[in-house]
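A.B. asks: I have a structure I would like to understand better, so I am pasting it below and will then ask my questions one at a time.
The values are calculated or read from the model by the stated rules, or taken from the named source; none is laboratory data. Because the structure is a prediction, the values reported are computed rather than measured. Neighbour counts run over all protein chains shown; Cβ positions are idealised from the backbone, glycine included. SASA here: full protein model, heavy atoms, side chains in, ligands and nucleic acids out. Shrake-Rupley method; radii C 1.70, N 1.55, O 1.52, S 1.80 Å.
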Amino acid sequence: MRFVWLLVKCGLLAAFVAFLVALPHLYRRVDEEVRRRVEARFAQRYPHLRVRVGSAALVRGKGIEVHGLSIVDPEAPGPGAELVRIDDLFLICRTELEELLRGEPRITGAVLRRLRLQAAKRPDGSWNVSRLLPAPEAGQTIPEIRIEDGILEIVGAANPGAGPLTFRDVNLTLSPADPKVPDAKPAARRFEATLAGDLFRQVEVSGAIEPDGSVWSATGTIDGLSVSPDLRDVLPLELADRLAPLGALRAQGALRFQVRYDPAASPPCVFDVSGQLTQGRLDDPRLPVSLTDLRAAFVCDNQGVTIKNLFARSGASTVYLAFHQTGYAANAPRELHAQIREIELDRRVVEALPEALQRHWHKYLPSGQISADVTLVFDGRTWKPDVAVECLNVAFTYHRFPYRLERATGTLCLKDDVLTASVTGYSGNQPVRVSARVLDPLAGWHGSIEARADALPLDDRLVNALPEKTRSAVASLHPAGTLRTFARVWREAPGSAVHRHVHVEVGQGSIRYDRFRYPITDVRGTLEMLDDHWTFRDLEGNNDTGRIRGNGHLRPAPGGHELWLRMIGEEVPLEEELRDALPPTMRQVWDDVRPQGAVDLDVEVHYLTGQEKLDVGLRAWPREDRVSIQPVCFPYRIDKLRGALCYQNGLVTIDQLRGEHGDVRLATAGRCAFLPDGSFRLSLEGLRVDRVRLDRDLIQALPARLRRAAAALNPEGPLHVRGDLSFARAGPGA
């Protein structure tokens, strides 16, 4: 018996030793069977996909450990065919051999480490990963799934040609929906995740997803978001298009979001995103300047976009802005409120304006610095601006009167298509006040613009600003001085004629007309223009002891303007200034007769600019027996001249001229004709000389031959002379 028992014990020992020897091989067979069963189960669940498992092992009391799991879509070309790759997968389940050999164990949980999931959008709008989420079988319990250190790539949701949107450090928990939550579907999964990426620091998100992936919702936050064109390029097309106006924005941001997608709903995507932007910069070609130090709060949802408390800088300029848009269509209603402080008006501002505003800009060519409060409302068809501009230091010019004003301050307001303005600019040191009320200023404007100045310098700048035809006529007067000016431009109805009214009061001025260059100083009077018709009234001035009064007009005429001036002078000295103002032939007569003293004058000038036709009429009266002449050809001085001398278009008329030389009395009438070749002929009619004596003065005045004859005759006593006398002189070339 002992021997038998010994044999039994030896046999048991041998069997145990054999079991120990065969145990590793047995476990290898079990691991291989587990791998095969895991691969087969995944292949059964995803029959249209190709599943491979690198290896699997049974961990007693814990579950199954799987390595190198790969799921490939054989219908997808290229590298994107691999939907999922999991380095390590741990399935929590019972590990008894009899249960494993009996069939598939019940999985109560799964841990996926170093998962790489590539989600791609198909041409039909569906997602390839939806095939990874089939509906659970009836009665099947949905296990909890945990992903650690994963990578998620989203391909095809962004702009064409853009790279994938990659999320790293993905940690996600996917669990069955809480049955206590109202309306929770039993097959739905709840998920909670954290992840990082190139364009943000961290995302925290939670939500739910239907088994087929077609319906899902998410709520979460994004910290350290880098807003840039790169972000817009990787966003889904629908969202990227809505953010297109901010395509040039670069900033740091943080936001909260809620998104729900249901293709059967309308709209299929419902979202609500809110957040803040800081450290922003906007280089938008539609803006005149780059904006820096930008910060703002915003809300973006299905109803539209709202931007609140936006602040930005551009050099010394600052911008405060609020914006709201209802909807995302091209004609979506929108409203913008902006406060702009200390912005420079330069070429960049012009280029950023709409074409219609650019045309008006070039009419005034403003430059300098302004602040503005702007409200723009778009109702889907037209913009309604409400603009208040404060001029801080502005220069501008009106294109129809290009007289540039500098250092302007004041306000311009545009509201309900009515532009009002109250601005004070400077010409030199003199202020010019401009006011306006213009209706529909960007289209068929009507209303009025007024300008006032108390002491505007009458200089070349002002003359050169006049219309071309008026300018030449006014410039011929060589005006100078200061002006008290009122100017008004108005239009009574859209499309009607533009009217202009200018009222000028001259103070301490001067004129010297090109066609009658007699300088008049200390000019005072009134000049008034109504629609290019100028009237000169109550003009007064001086020339030495002479006092000048005048009036006239400047009116449009065929081919140019008609200038008419009448000047009346009192005690005008017979000096070279008056001589130099006369026509050349009369200057020659002046030199021949050598007048002295003072006269009263009545001068009338009529000039047609288009025809270069000049008519000058002059009438002169000796002043208080103070005029004398001493002709060069007959140097016999005649004093106390009385009578009148008239000049008209080359003809001088002598009317009742009387004079004295001691006891000699002289009286005559006559005329002098000046010919185009420079010659003239003087005829004295009814010449009468009383009590003339052949004294030394007369003898010295006679020509040499007459002087010798008179000396030989040696007459005594007074003589009386009656008759007519003519003189003639040839022109310079004769």
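A.B. asks: Out of region 572-608, which residues are surrounded by 19 or more Cβ atoms within 10 Å (Cβ to Cβ), in contact (Cβ under 8 Å) with a residue 60 or more places away in the chain and more than 23 Å from PRO635 (Cα to Cα)?
C.D. replies: ALA581, VAL603, VAL605, TYR607
A.B. asks: Could you please find all residues in region 365-384 being outside any strand (DSSP E or B) and more than 21 Å from HIS399 (Cα to Cα)?
C.D. replies: Selection gives ASP379, GLY380, ARG381, THR382.
A.B. asks: Also, I was wondering about something else. Out of the residues in region 416-438 that are more than 24 Å from the chain's Cα centre (by Cα) and open to solvent by less than 20 Å² (accessible area, probe 1.4 Å), which is farthest from GLU450 (Cα to Cα)?
C.D. replies: In this case the residue turns out to be SER427.
A.B. asks: Could you list all residues from region 176-204 that are closer than 28 Å to PHE90 by Cβ, open to solvent by less than 40 Å² (accessible area, probe 1.4 Å) and at pLDDT 85 or above?
C.D. replies: Within region 176-204, PHE191, ALA193, LEU195, ALA196, GLY197, VAL203 meet the criteria.
A.B. asks: When you scan region 56-90, how many residues do you find that are more than 58 Å from the chain's Cα centre (by Cα), of a type outside the set (Val, Ile, Thr) and either open to solvent by 30 Å² or more (accessible area, probe 1.4 Å) or at pLDDT 85 or above (or both)?
C.D. replies: 16
A.B. asks: Tally up the residues in region 247-288 that are more than 26 Å from VAL349 (Cα to Cα) and either modelled with pLDDT under 90 or not basic (Lys, Arg) (or both), please.
C.D. replies: Qualifying residue count, region 247-288: 23.
A.B. asks: Let me confirm something: among ARG359, ARG341, which residue is exposed (fewer than 13 other Cβ atoms within 10 Å of the Cβ) and either modelled with pLDDT of 90 or more or in a helix (DSSP H, G or I) (or both)?
C.D. replies: ARG359
A.B. asks: Looking at region 491-515, which of its residues are crowded, with 18+ Cβ neighbours inside 10 Å and not basic (Lys, Arg)?
C.D. replies: VAL502, VAL504, VAL506, GLY509, SER510, ILE511, TYR513
A.B. asks: Sticking with this structure for a sec: For the condition open to solvent by 30 Å² or more (accessible area, probe 1.4 Å) and modelled with pLDDT of 90 or more, what is the one hit in ALA312, ALA322, ALA329, ALA296?
C.D. replies: Just a single option satisfies the conditions, and that option is ALA322.
A.B. asks: I've got another one for you. Report, by residue number, each residue of region 513-551 that is part of a strand (DSSP E or B), in contact with a helix residue (DSSP H, G or I) (Cβ under 7 Å, 6 or more places away or on another chain) and of a type in the set (D, E, K, R).
C.D. replies: The answer is ARG517, and nothing else.
A.B. asks: Related question: Taking the condition under 19 Å from TYR647 (Cβ atoms) and open to solvent by 40 Å² or more (accessible area, probe 1.4 Å), does ASP625 pass?
C.D. replies: No; evaluated as a whole, the condition is false for this residue.
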